Each structure stands twice: as C-alpha cells, then as structure tokens.
Amino acid sequence: YSNIDSRKFNFFENIGSMISNFGKKATASHILIGPKTMNQEDARAKLIEIKEAVDNDPEKFAEMAMEWSSCPSKKKGGDLGSFNAGMMVKNFDRVCFEEEVGVVHGPVSTQFGEHLIFLRERTGED
C-alpha cells in the first residue's frame with residue numbers, strides 16, 4: 001500500500017465538508033497553471049495578474065481560462081459544472097463551500113498546481 005498516491009482524493013480529508021455542507025452544491029470555473037507549465041512563484045504571479053484583469057467578470061474569466069489554463073476544462077472557459085461538497089480536493093472544496101459567491105478567489109494551491117476559482121453559484125444554503 002505504500003505506493004498508493006492518496007493525495008489525488010482523500011475521502012477522509014473531505015468528510016467534514018461533506019457533513020457540514022450536506023445538500024449544498026457549488027458551480028465553479030477555474031484557471032489552473034500546473035507545475036509543468038511554470039513554477040509556483042511565476043504561476044501565482046500570473047494568476048494575480050489575471051485576477052486583476054478579470055475583475056470578477058464571467059466572460060473575461062472564461063477568455064483567460066481558454067488562454068492560460070492547463071486543465072482540459074479550458075475548452076469550456078474553465079467551467080467545472082456543479083458538484084457536491086467533498087468532491088474536490090480540500091483547498092478547492094473549502095473555497096467553493098465557504099467563500100463569497102460571484103467572486104474570483106485565489107491563487108489557491110493544490111497538488112495539481114495553482115488555481116483561480118470563480119465561484120458562480122452555490123445552492124442548498126439556509
């Protein structure tokens with residue numbers, strides 16, 4: 001078992017979010033700059049530049065995702081669709097279920113690289 005990479009998705013890491021956010025769904029887009037694209041420091045600097053240029057505008061975010069993201073979702077402007085709590089890695093999940101909607105958040109670090117996350121909608125709130 002020692003060679004199993006549990007970083008990709010650790011159920012136990014997200015169980016708290018699954019419980020505290022039960023019944024909630026988030027809809028988000030993201031821009032990922034992975035480690036094969038540029039180093040962490042440069043990626044974070046580029047994402048800060050993109051964040052300032054986007055200024056929480058969904059159309060600009062989608063354009064920047066198509067140009068800069070290293071995720072296959074770039075073809076859809078970074079759109080990840082809707083998902084339940086605990087379905088994304090911990091740092092990503094925390095932003096989607098705890099931070100303000102309608103705003104670009106980040107840079108956020110995960111094992112996949114550096115992200116900007118545009119939280120478009122969250123349902124199931126009280």
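Assorted remarks:
- Selection within region 70-98 - over 23 Å from Gly23 (Cα atoms) and in a loop (DSSP other than H, G, I, E, B): Ser70, Cys71, Gly77, Gly78
- Listed by first and then second residue, the pairs linking a residue in region 99-120 that is closer than 13 Å to Pro58 by Cβ and assigned to a strand (DSSP E or B) to a residue that is among the basic types (Lys, Arg) and open to solvent by 30 Å² or more (accessible area, probe 1.4 Å), with Cβ atoms under 7 Å apart and 6 or more places separating them unless they lie on different chains, are Val104/Lys51; Leu116/Lys51.
- Of the residues making up region 109-126, those that are open to solvent by less than 30 Å² (accessible area, probe 1.4 Å) and closer than 18 Å to Asp55 by Cβ are His115, Leu116, Ile117, Phe118, Leu119.
- Single unsatisfied condition, Ala62 versus (1) over 12 Å from the mean Cα position of the chain (by Cα); (2) under 25 Å from Lys36 (Cα atoms); (3) open to solvent by less than 10 Å² (accessible area, probe 1.4 Å): (3)
- The listed residue being of a type in the set (Lys, Arg), exposed (fewer than 13 other Cβ atoms within 10 Å of the Cβ), farther than 23 Å from Glu125 by Cβ and modelled with pLDDT of 90 or more, out of Lys75, Lys51: Lys75
- Selection of region 65-92 for residues being acidic (Asp, Glu) and under 24 Å from Asn39 (Cβ atoms) yields only Glu67.
- Hits in region 63-98 - residues which are among the hydroxyl-bearing types (Ser, Thr, Tyr) and without any contact (Cβ under 8 Å) to a residue 40 or more places away in the chain: Ser69
- The set of residues from region 35-48 being surrounded by fewer than 16 Cβ atoms within 10 Å (Cβ to Cβ) and either closer than 19 Å to Glu100 by Cα or in contact (Cβ under 8 Å) with a residue 40 or more places away in the chain (or both) comprises Pro35, Thr37, Gln40, Ile48.
- Considered as a group, the residues in region 13-34 that are exposed (fewer than 14 other Cβ atoms within 10 Å of the Cβ) and part of a loop (DSSP other than H, G, I, E, B) include one that is modelled with the lowest pLDDT, and that residue is Phe22.
The values are calculated or read from the model by the stated rules, or taken from the named source; none is laboratory data. Computed from a predicted structure; not experimentally measured. Quick reminder, even Gly has a Cβ in these numbers, built from the backbone with ideal geometry, and neighbours come from all protein chains shown. Each accessible area value is taken on the protein alone, full model and side chains, heavy atoms only, with ligands, DNA and RNA left out. Shrake-Rupley method; radii C 1.70, N 1.55, O 1.52, S 1.80 Å.
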